[in-house]
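Beneath this line is the structure, given in structure tokens, with notes to follow.
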Amino acid sequence: MMIKQIRTNKYKTMENAKKIIFILMLLTISCNSRSNDIKTQKIHLEQVNSEYIQVKDILYKDKQGNYYLQYKYPGYPRGTIAYGYQNRVYDLHFPELKIKLLNDVLNESSFHRIDSTEYFSDNKNIYAIADFATDINISILPLQFSNYKVVGQYIKDNQTVFWNARQLLDVEAKYFNVIPANANHPELGYDEKYLYIRNERLSYSEFNSLDIESTIKIKLKQQYFPEEN
């Protein structure tokens with residue numbers, strides 16, 4: 001009986017050892033695969049980036065002298081940053097979203113970033129970079145060029161307000177302002193009638209879930225959601 005028990009324990013020990021070795025092999029393969037993924041992405045990015053020459057900020061040229069704007073997007077593995085280059089812009093002055101080439105609209109000498117935002121300008125146009133579900137788009141915003149203002153993450157003139165390249169609907173642009181973000185809610189826009197989160201009107205349930213200082217929240221509720229009082 002003792003011999004049988006020893007053999008059983010020895011067999012279990014060997015099986016456990018095999019399992020441990022198998023797990024270590026999987027971990028090694030996974031680490032090597034991740035390392036190879038990182039190296040592959042790095043080499044790819046170096047090859048892509050080498051095709052473009054930086055002019056200023058996010059403005060680049062290829063070897064043929066064509067303009068591109070550089071944008072960031074989440075890379076793989078998670079947590080890394082990759083870059084893309086776009087030479088097309090959507091001119092939102094036109095309802096049919098007319099597509100133009102940067103070469104045909106951009107003025108290099110006057111091109112600059114507006115403050116520290118993702119809005120840019122030259123001596124003719126205001127540009128915005130926005131993530132639209134499946135793609136990164138660069139747009140020319142239909143704002144009054146001599147009368148625009150950045151308000152938080154929004155940009156506006158006296159008639160129109162944009163969040164990135166998305167226009168806010170039924171907004172009183174003249175009175176539009178923002179409530180700064182904190183740890184519990186993103187930046188909120190507001191005019192005399194509505195509260196906005198990004199480019200959408202804020203619903204009462206969304207508003208009620210926000211962690212805003214109580215006295216301010218009461219005043220906002222009275223003004224924007226009086227039917228809930």
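When region 158-170 is limited to residues that are of a type in the set (A, V, I, L, M, F, W, C) and part of a loop (DSSP other than H, G, I, E, B), the one that is farthest from residue 211 (Cα to Cα) turns out to be 165. Here residue 225 clears all of (1) surrounded by fewer than 20 Cβ atoms within 10 Å (Cβ to Cβ); (2) within 30 Å of residue 58 (Cα to Cα); (3) in contact with a helix residue (DSSP H, G or I) (Cβ under 6 Å, 6 or more places away or on another chain); (4) not charged (D, E, K, R) except the condition numbered (2). Taken together, 225, 162, 176 contain a single residue that is touching a residue at least 12 places away in the same chain (Cβ under 8 Å) and within 28 Å of residue 86 (Cβ to Cβ), which is 162.
Could you please tell me which pairs satisfy a Cβ distance under 9 Å, a separation of 6+ or placement on different chains, a first residue in region 180-205 that is closer than 13 Å to residue 154 by Cα and among the polar types (S, T, N, Q), and a second residue that is in a loop (DSSP other than H, G, I, E, B) and at pLDDT 95 or above? Here the result reads 199/168, each pair linking region 180-205 to a residue that is in a loop (DSSP other than H, G, I, E, B) and at pLDDT 95 or above. Taken together, the criteria exclude residue 155 from residues that are assigned to a strand (DSSP E or B), touching a residue at least 60 places away in the same chain (Cβ under 8 Å) and surrounded by 14 or more Cβ atoms within 10 Å (Cβ to Cβ). Residue 102: of a type in the set (A, V, I, L, M, F, W, C) and either within 21 Å of residue 178 (Cα to Cα) or modelled with pLDDT under 95 (or both), yes or no? Considered against the rule, which asks whether it is of a type in the set (A, V, I, L, M, F, W, C) and either within 21 Å of residue 178 (Cα to Cα) or modelled with pLDDT under 95 (or both), residue 102 comes out as no. Touching an Asp or Glu at 6+ places or on another chain (Cβ under 7 Å), surrounded by 14 or more Cβ atoms within 10 Å (Cβ to Cβ) and modelled with pLDDT of 95 or more, is that true of residue 178? Yes; evaluated as a whole, the condition is true for this residue. Against the list (1) outside any helix (DSSP H, G or I); (2) modelled with pLDDT under 60; (3) not aromatic (Phe, Trp, Tyr), the condition residue 36 fails is (1). For residue 45, the requirement of being at pLDDT below 85, of a type in the set (A, V, I, L, M, F, W, C) and under 20 Å from the mean Cα position of the chain (by Cα) is met.
A search for C-beta distances below 9 Å between a residue of region 107-132 that is within 18 Å of residue 198 (Cα to Cα) and any residue that is part of a loop (DSSP other than H, G, I, E, B) and of a type in the set (Asp, Glu), counting only pairs 6+ apart in sequence or on different chains, returns 128/118; 129/118; 130/118. For the structure I just gave you, tell me whether residue 212 is among the β-branched types (Val, Ile, Thr) and farther than 30 Å from residue 88 by Cα. The answer is yes for residue 212. Of all residues in region 140-151, those satisfying the criterion of being crowded, with 17+ Cβ neighbours inside 10 Å and not hydroxyl-bearing (Ser, Thr, Tyr) are 140, 141, 142, 143. Checked against (1) on the phi > 0 side of the Ramachandran plot; (2) over 18 Å from the mean Cα position of the chain (by Cα), residue 109 meets all criteria but (1).
The values are calculated or read from the model by the stated rules, or taken from the named source; none is laboratory data. Just so it is clear, the structure is predicted and the values come from calculations on it, not from any experiment. Cβ atoms come from the backbone with ideal geometry, glycine included; neighbour counts cover every protein chain shown.
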